[in-house]
DNA sequence: CCGCCTCGAGTTCT
DNA sequence: CTCGAGGCGG
């Protein structure tokens, strides 16, 4: 590949998108896509120094000031910050930085502030009067936006804003802050713009930039803006503060807003923990932020530690792992589910996201794919939903290759090549061939899985192999496998075959509800299967049931009834049941008398939800423990939930429980409630 | 008919 | 974990 051509292409693209972003406030591509282009250019230039030119966009920091605003030279250069993307990197930063601590420095303390995503501005006051407001610009020269900032409520026009006895205004004060648009204001503004048929903003940051850079301050959208101040750039007279924490308090007394959710903390580990805790809460906050800033509290010490380039040694930006990245979609593949649904997925050029390498992502269904107009070969934006499962947000249209074709929904199943069906009004596309090997593989996988027949020694690979070799034509064939057949297969020796046969034999004793769930009847999972087992007691009674009989069961409606009757009306399915019966699989409800009366039920009727990882109990163990005491465990938090059991790395359920005022328990409290010692 | 509460189904990576 | 949709109660 021709590196020189690539570098030139990247420069053209980066310059154009930077212009759209910085000058027009109208980004043409997502931030993550821009970042990807920029860092590729940086990397290539680092590897090939001979290709670097003075006019490369990497040689310029920030955007060019607009011509229409007057230019302003800053009193002191506006600094940047070193970045850390993990707790380990923060510790590394401090290990390096602390070598520069002066000998007489007090024990280190820190201030943690959110790193708000807005526009850095510099405000100048003379004899208590606001005289100049400027953008950051390139760090040395910014733009005069005094008129617009004047209309922002959070900018005090005089300091002290309120009478404060004994507090005199400094003769001259230059403070630095971040102008931003709170999330609620951003949504309100976009609603308004949409109503008027005007263009909406992509995110609060761009909206804030748009507000501040409007030429006519009266029409300015600055009433939607706010501003937090957090640093003094220059000061002449007034009160001197020794620490950052005191400085924030002093700014507040003068009438400035300071960053919310900030903390004064006496050890680095606690500061890191605070930052991590804060990151978990960030979705519930009213501002956008991409991390926290950890600063050394003692100002004179911070000053003495000096700089690395433009970055002060005494502070670090502790940023989130990116939640968004761009990469190329190599191919759109199709999975066949156990119910026959065809599900598209994306094969991606591997990309780092939130600390892991992503190379595949679900595309949900064909409607979704068409709505987003995702095509093979596109550069796409990938996010991790709920910080776990990656999904494709959409294509970057500006980077689409000329020949890219819209994706066509396949007319036939990619595995068995039978025609597909799509029911009126339904999203799903089905392969209706019940003999489709792909469906059988997934059904076998489901049948042997932990929630169903739970056959030990029988994993995903085993199932796929046995189907491929023709040893399984349906799930009941599992009970007719002979050791001598298995021994012929690659990688199957005495020991493994013995384990597998024992696992299969043991599974014949599973309760009826497990068997019903294992069959894979559409709409019948573990909960519905238990309802059916309790109501009918045996598979024969269930097979004899009519739709009306089924609907009489609490929790079973018309859809599931129809699905069950249809399942048993198919000859092949009835044969599977008979084969299971002949093999000795239990097909009737077992007696559970002892269990039912022995259990004391202090938790009768209470509903529990479990989230995160508990210290000693597995999720399954906690569930049975609660059920043995008469409680019920469900999956989602609602007003009806009595307790949320919280473990390590709890997710969105905890937020929801807090919002609804649902009490939470940790494992120890749960044990206490149940009277079970650890 | 609407709004909740649940359940089922599919999903990724280490 | 999230999404979609079934079931139920108001």
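The values are calculated or read from the model by the stated rules, or taken from the named source; none is laboratory data. It should be emphasised that the depicted structure is a prediction, and the values quoted were computed from it without experimental measurement. All Cβ positions, even for glycine, are placed from backbone atoms using ideal geometry, and neighbour counts span all protein chains on display.
See the values below:
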item	result
Selected residue [touching a strand residue (DSSP E or B) at 6+ places or on another chain (Cβ under 6 Å), at negative phi and surrounded by 21 or more Cβ atoms within 10 Å (Cβ to Cβ)] from A:448, A:444, A:429	A:429
All strands (runs of 3 or more DSSP E) inside the range A:250-369 with 1 or more residues being within 16 Å of DNA strand C (Cβ to nearest atom) and either touching a helix residue (DSSP H, G or I) at 6+ places or on another chain (Cβ under 9 Å) or under 30 Å from residue A:521 (Cβ atoms) (or both)	A:324-336, A:342-353, A:356-362
Residues that are within 16 Å of DNA strand C (Cβ to nearest atom) and either surrounded by fewer than 15 Cβ atoms within 10 Å (Cβ to Cβ) or more than 22 Å from residue A:511 (Cβ to Cβ) (or both), drawn from the range A:533-557	A:534, A:546, A:547, A:548, A:551, A:552, A:554, A:555, A:557
Set A:170, A:156: member being assigned to a loop (DSSP other than H, G, I, E, B) and within 41 Å of the chain's Cα centre (by Cα)	A:156
Subset tally (residues that are at pLDDT 90 or above, within 10 Å of DNA strand B (Cβ to nearest atom) and touching a helix residue (DSSP H, G or I) at 6+ places or on another chain (Cβ under 6 Å)) for the range A:521-555	3
Residue match in the range A:581-595 (condition: away from DNA strand C (no atom under 14 Å from the Cβ), surrounded by 13 or more Cβ atoms within 10 Å (Cβ to Cβ) and in a helix (DSSP H, G or I))	yes
Sole residue being modelled with pLDDT of 80 or more and more than 9 Å from DNA strand B (Cβ to nearest atom), chosen from A:382, A:336	A:382
Residue within the range A:394-411 that is touching a residue at least 12 places away in the same chain (Cβ under 8 Å), within 16 Å of DNA strand C (Cβ to nearest atom) and part of a strand (DSSP E or B) present	yes
Given (1) out of contact with any helix residue (DSSP H, G or I) (no Cβ under 6 Å at 6 or more places or on another chain); (2) surrounded by 18 or more Cβ atoms within 10 Å (Cβ to Cβ); (3) modelled with pLDDT of 75 or more, index of the condition residue A:148 fails	(1)
Residue within the range A:193-201 that is crowded, with 16+ Cβ neighbours inside 10 Å, assigned to a loop (DSSP other than H, G, I, E, B) and at pLDDT 75 or above present	no
Condition check for residue A:639: part of a loop (DSSP other than H, G, I, E, B), within 30 Å of residue A:535 (Cα to Cα), modelled with pLDDT of 80 or more and within 16 Å of DNA strand C (Cβ to nearest atom)	yes
